[in-house]
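Structure record follows, encoded as structure tokens.
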């Protein structure tokens, strides 16, 4: 059961990351900036369900991916995710642009 939950959470994180247009490296860098020991390979393992997400990590991932934490488990009401999707995408695109500027 735990592995199933980890896989579901990983799929949801992957889905949001791709929707926003962030690479695994970009999201990993943002997580490191928040104090997590997070690398691209960590992101990869999470997305395929090989590594569970800690609660503090889930909180920061939800913030970075602009969704409620319960979105990751598939229990968020649709209006919580879809209703704020446009705003979330706008914020993340701005964040992504800032990350690209920082890379140079």
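The values are calculated or read from the model by the stated rules, or taken from the named source; none is laboratory data. Source: prediction; values computed, not measured. FYI the Cβ positions are ideal-geometry reconstructions off the backbone, even for glycines, and counts take in every protein chain you see.
Some points to look at:
- Under the condition of being assigned to a helix (DSSP H, G or I) and surrounded by 15 or more Cβ atoms within 10 Å (Cβ to Cβ), the residues counted in the stretch 12-27 number 11.
- The set of residues from the stretch 28-39 being more than 11 Å from the chain's Cα centre (by Cα) and either surrounded by 14 or more Cβ atoms within 10 Å (Cβ to Cβ) or modelled with pLDDT under 95 (or both) comprises 29, 34, 36, 38, 39.
- Number of the condition not met by residue 65 [criteria: (1) surrounded by fewer than 16 Cβ atoms within 10 Å (Cβ to Cβ); (2) within 21 Å of residue 100 (Cβ to Cβ); (3) modelled with pLDDT under 95]: (1)
- From the options 53, 48, residue that is at pLDDT 95 or above, touching a helix residue (DSSP H, G or I) at 6+ places or on another chain (Cβ under 9 Å) and either buried (at least 17 other Cβ atoms within 10 Å of the Cβ) or closer than 15 Å to residue 64 by Cα (or both): 53
- Selection from the stretch 24-45 of residues that are under 22 Å from residue 91 (Cβ atoms) and in contact (Cβ under 8 Å) with a residue 12 or more places away in the chain: 24, 25, 26, 27, 28, 29, 30, 31, 34, 36, 38, 43
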